[in-house]
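Structure first, commentary second.
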Protein chains: 2
Amino acid sequence: MHIFEFQKMMSRLFFHRDYERGVEETYCWLVEELAELGEAIEGNDREAMEKEFADVIAWLASLANIKGIDLERAAIKKYNGKCPKCNQSPCQCTV
Amino acid sequence: MHIFEFQKMMSRLFFHRDYERGVEETYCWLVEELAELGEAIEGNDREAMEKEFADVIAWLASLANIKGIDLERAAIKKYNGKCPKCNQSPCQCTV
């Protein structure tokens with residue numbers, strides 16, 4: 001599934017709720033989901049990790065929907081097959 | 001670009017560095033990138049927001065690469081066109 005399609009699906013499912021909740025609270029939810037991902041990683045529970053990775057990308061997409069940012073375009077613009085710092089593939093940065 | 005392809009590209013570009021850095025430090029970088037996204041949103045600078053959204057999804061993919069998690073599969077498993085809580089599209093959850 002394209003990043004764009006996933007973001008669109010999130011919009012279909014949740015935009016009415018995301019828009020009502022607003023940017024700040026949605027950002028806080030994303031922070032909370034990232035904390036939960038951290039806990040799942042600490043516990044090294046594969047199923048929990050999968051769910052939390054899913055939640056982080058889902059809330060990231062929700063936040064992008066509220067701000068009207070195309071996540072796929074933004075991602076490809078910065079990471080277009082080369083390291084954005086050293087311009088090499090693979091990255092050859094020394095720090 | 002598929003979520004899977006983006007994750008693969010991150011692996012090609014950065015896995016040697018991600019693996020060496022390890023899970024904990026990569027997680028910390030992701031937390032830092034999310035903070036930067038928060039600042040970009042506060043500043044309401046579209047270009048900065050795009051870069052930070054890109055960085056968050058990039059570091060999320062790097063973290064998934066280290067843990068051997070398929071981000072696209074995880075995302076689709078949990079969000080398969082319906083809300084995972086109320087099972088409706090769009091979401092009809094009341095809380």
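Readers should treat all values here as calculations from the given coordinates under stated rules, not as data from a laboratory. All of these numbers come straight from a predicted model, not from anything done at the bench. Please note: Cβ atoms are built from the backbone with ideal geometry, for glycine as well, and neighbour counts cover all protein chains shown.
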In the structure displayed, which of A:8/A:51; A:51/B:67; A:77/B:8; A:85/B:78 lie more than 24 Å apart, Cα to Cα?
A:85/B:78
Residue by residue through segment A:58-66, what is 3J(HN,Hα) from phi via Karplus (6.51 cos²θ - 1.76 cosθ + 1.60, θ = phi - 60°)? Round to whole Hz and write x for glycine and proline.
5, 6, 5, 5, 4, 4, 4, 4, 4
How big is the shadow of the Cα convex hull of chain A, averaged over all directions, in nm²?
7.8 nm²
Kindly give the distances from residue A:35 to its copy-mates, label point to label point, with each label point 7 Å from Cα along Cα→Cβ, as nm values to one decimal ordered shortest first.
1.5
Using +1 at the Cβ of each Lys and Arg and -1 at the Cβ of each Asp and Glu in chain A, identify which of A:1, A:86, A:62 lies farthest towards the dipole's positive end.
A:86
Can you pull the one-decimal nm distance between simple spin-label points at residue B:89 and residue B:1, each 7 Å off the Cα toward Cβ?
2.6 nm
Expected vector for segment A:70-84, Karplus 3J(HN,Hα) from phi with 6.51, -1.76, 1.60 and θ = phi - 60°, integer Hz, x for Gly and Pro, equals 7, 4, 5, 4, 4, 5, 6, 4, 8, 10, 9, x, 9, 5, x
When the protein assembly as shown is reduced to its Cα atoms, the Kirkwood hydrodynamic radius in Å
16.6 Å
Under a Cβ-Cβ cut-off of 14 Å, what is the net charge of the residues other than residue B:24 that fall near it, where Lys and Arg count +1 and Asp and Glu count -1?
-4
Starting from a label point 7 Å past Cα on the Cβ side, list the distances from residue B:78 to the same position in the other copies, nm, shortest first.
2.1
